[in-house]
Amino acid sequence: MLDIQTAARPCCKGTYQAAAQRPRMPRRLHALLLGGLLTAGSGSFAADLPDSHDLDILPRFPRSEIVDFNQAASQERTYPQGSISRISGRLRMEGEVRAVGNLTAVTYRLPDEDSSQSAFAAARKDLLKADATPLFWCESRDCGSSNLLANSVFGNSKLFGPDDQQAYLLVRLAAPHENSLLAVYTITRGNRRAYLHAEQLDSSAALGELLPSPSTLMRLLKANGELTLSHVPEQPGGAWLDLLVRTLRLDTGVRVELAGKHAGDWRTALTAQGVLDARLEQGKDDSDGLHLTWLR
């Protein structure tokens, strides 16, 4: 039987307690463990670049680290709304959005155990939850050249990788930041390192009317099950009505619920343009904008 010796020693105000003899943790190991716990508890990211920070609207992907950060005033950006390529030495885009304003750009190195696809999906869902209006979404070779996106669009060679390992999303933020654009780009490079780049451009001028492509709307509706279009006008008509008609014609088997203050007017306008009434239902939500839910 082990003989554990105890010793009585004075405690507080005449009381006594028995202290068992046990091995002591080395002071150096104790300090390292304590330092690690304090760092984790503080919510800081020790590997981040000094003076860098996340974008307010986009939560950080777990265990990712900021490896590049840039803030600049009066920056001009041209964001693709379609595949990007170079023909006869000139940059070509199927569609584009140009703006000048204050830019905040953050590049994250993603943890080795996670893929750039999962980080991109998380960012896409977070932005749509914040009622951002999608302007363009592509993946793999549908985006065009990764080299051009990395260097000509974002100006960061760290983002260059195989064309089939990329994804790109451009959104317009909801009010009161309706004149701000946010772009997300992810890539898994040939060395298997994965990165997520996010940048917000706060335009110095009103952005005006910006429309997504029908394929982007349908793709997002199916991927997320719902979609909020916060920039549609109250009265149906014009380019937005044409866009929604063309979107619903891409897949005539899709049924949707329309919700919002003017959802009834939009339903009437869509049926007048040839969308079958049986494909449309009206929800009870009276919030601003137009909310679409995929009825499966």
Q: May I ask you to verify whether residue 176 is open to solvent by less than 60 Å² (accessible area, probe 1.4 Å) and in a loop (DSSP other than H, G, I, E, B)?
A: no
Q) Listed residues 134, 212; which is buried (at least 20 other Cβ atoms within 10 Å of the Cβ), modelled with pLDDT under 95 and either part of a loop (DSSP other than H, G, I, E, B) or of a type in the set (Asp, Glu) (or both)? A) 212
Q: Kindly indicate which of 141, 90, 63 is free of Cβ contacts under 8 Å to residues at least 12 places away in the same chain and surrounded by fewer than 19 Cβ atoms within 10 Å (Cβ to Cβ).
A: 90
Q. Can you tell which of 248, 201, 196 is over 23 Å from residue 58 (Cβ atoms), modelled with pLDDT of 95 or more and of a type outside the set (Phe, Trp, Tyr)?
A. 248
Q) Given the structure, is residue 192 of a type in the set (D, E, K, R) and over 29 Å from residue 292 (Cβ atoms)? A) yes
**Q.** Of all residues in segment 111-128 being of a type in the set (D, E, K, R) and within 20 Å of residue 202 (Cα to Cα), the one that is surrounded by the most Cβ atoms within 10 Å (Cβ to Cβ)
**A.** 124
Q: Check segment 277-296 and report whether any residue there is among the aromatic types (Phe, Trp, Tyr), open to solvent by 30 Å² or more (accessible area, probe 1.4 Å) and on the phi < 0 side of the Ramachandran plot.
A: yes
Q) Could you give every pair whose Cβ atoms fall below 8 Å, whose first residue belongs to segment 227-243 and is buried (at least 19 other Cβ atoms within 10 Å of the Cβ), and whose second residue is of a type in the set (Val, Ile, Thr) and assigned to a helix (DSSP H, G or I), counting only separations of at least 6 or pairs across chains? A) 236/268
(Q) Show the residue pairs meeting these rules: Cβ distance below 7 Å; 6+ apart or different chains; first residue within segment 263-291 and part of a helix (DSSP H, G or I); second residue open to solvent by 50 Å² or more (accessible area, probe 1.4 Å) and charged (D, E, K, R). (A) 271/277; 279/255
Q: Please tell me if residue 149 is in a helix (DSSP H, G or I), farther than 25 Å from residue 222 by Cα and under 19 Å from the mean Cα position of the chain (by Cα).
A: yes
Q | Residue that is most open to solvent (accessible area, probe 1.4 Å), among those in segment 66-87 that are among the polar types (S, T, N, Q) and closer than 26 Å to residue 212 by Cα | A | 74
Q) Name the pairs whose Cβ atoms lie under 8 Å apart, with the first residue in segment 105-122 and under 19 Å from residue 191 (Cβ atoms) and at pLDDT 95 or above, the second open to solvent by 50 Å² or more (accessible area, probe 1.4 Å) and assigned to a helix (DSSP H, G or I), and 6 or more positions between them or separate chains? A) 107/158
Q. Looking at segment 150-197, which of its residues are of a type in the set (D, E, K, R) and in contact (Cβ under 8 Å) with a residue 24 or more places away in the chain?
A. 158, 164, 172, 178, 189, 192, 193
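The values are calculated or read from the model by the stated rules, or taken from the named source; none is laboratory data. In this text, all values refer to a predicted model and were calculated from it rather than measured experimentally. Cβ coordinates were reconstructed from backbone atoms using ideal geometry, including for glycine residues, and neighbour counts include every protein chain displayed. What goes into the accessible areas is simple: the full protein's heavy atoms, side chains included, and nothing from ligands, DNA or RNA. Shrake-Rupley method; radii C 1.70, N 1.55, O 1.52, S 1.80 Å.
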